[in-house]
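Take a look at the structure set out below.
Every read-out reported here was derived from the displayed coordinates using simple, explicitly stated rules and does not represent laboratory data. Computed from a prediction, not measured in an experiment: that's the story for all the values here. Positions of Cβ are generated from backbone atoms using ideal geometry, with glycine treated the same way; all protein chains shown enter the neighbour counts.
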Amino acid sequence: MKEHIKYINPEDIATSGYYVSYLYGDMGKRKTVTACSMVKEKGLLVSSDQSWIVLKKDIHKEIAKRITIVEYEGWTQLEYLDYEKYDTAIFDTTSKMITMYLDLLFDKADWGKNSQGKPKYREAMVSRDPLLNNLSTTAPIDYKVTRDVFRPVFNKIMQLPCHKIFTSQVHMPSPLNDKDTIIRPDIPQATSRLVGEFASVLGYIHSKKEGIVIGVDETAMSYLGKSRIEGIQGTMLLDNFIKTYRSVI
């Protein structure tokens, strides 16, 4: 069996030279401005919400000059956009894109009936208020379908000859769930991993007394973070993070 083992010499591996960044944080924490500031010369911003409006501020006019904005319409659009003219593609916010697809499944998908004639997979609510009866919630199958639909889309995006930046709202731990203890992107975990596994930077943007910072510390116990880029480590002021990132690209 030993002759079938393939050993890897890191010095022989050629990297693409393109980075994947995964930024997440609460509203108003400069996710969009940070992503656009990371663009080298020309960036494509695929916008699923109105966060791009912040670029209209006079303070951001130089950043805005480098950005072309496209309104997000659906997951199939991501495969067919023209990325060739841009050094960076930004997907803002990816969490809203995933939520839109889950909403579509919930509203339009019917998984049939079980042997009791009730809807399959999704649990119906029973309430003393008749207005609430038969309301249901998303089910594990909805999240599995979402992951399977976005997997080929994200895999194709990862092969693009440009830098990729994904943004997300933040999911805070629930005090009602002892297992939910980590601050992380507000995307179902199976789908989030499709981006996270490729990420050169996974950073949590938040406020501290010294200002707005990004945390990429892999050893942090409270949030998800990582960095494969030399010089980007621990907790950094956003401006220092952007400066370091731009010096690398």
Along the charge dipole of segment 146-249, Cβ charges K/R +1 and D/E -1, which of Val216, Gly231, Thr146 sits furthest on the positive end?
Thr146
Distance in nm between Glu79 and Asp239 label points, each 7 Å along Cα→Cβ, equals 4.4
For Lys208, give me every one of the lysines with a C-alpha distance below 20 angstrom, ignoring sequence neighbours fewer than eight places off in its own chain.
Lys29, Lys31, Lys226, Lys243
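Quick one: Cα convex hull volume of segment 175-249, Å³ per residue? Display every interim value, and only then the final one.
Values: hull volume 8.0 nm³, N = 75.
Taking the convex hull of the Cα positions in segment 175-249, it is 107 Å³ per residue.
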Reachable aspartates and glutamates from Lys156, Cα under 20 Å, same-chain residues fewer than 8 places away excluded?
Glu71, Glu73, Glu79, Asp82, Glu84, Asp87, Asp92, Asp148, Glu197
Leu105, Leu23 arranged by Cβ crowding within 10 Å, fewest neighbours leading
Leu105, Leu23
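Evaluate the Kirkwood expression for the hydrodynamic radius of segment 10-108, namely the inverse of the mean inverse distance over all pairs of different C-alpha atoms, and round to one decimal in Å.
On the way: mean 1/r = 0.0670 Å⁻¹.
Result for segment 10-108, one decimal place: 14.9 Å.
Of Cys162, Cys36, how do they rank once you tally other Cβ atoms within 10 Å and put the fewest first?
Listed from fewest to most nearby Cβ atoms, that is Cys162, Cys36.
Between Met27 and Ala220, what length comes free when the chain is fully extended (0.36 nm per residue of separation minus the Cα-Cα distance, one decimal in nm)? Walk me through the intermediate numbers first.
Numbers: separation 193, 0.36 × 193 = 69.48 nm, distance 2.20 nm.
Answer, rounded to one decimal: 67.3 nm.
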Distance between modelled label sites at Phe106 and Ile59, nm, 7 Å Cα→Cβ extension:
3.5
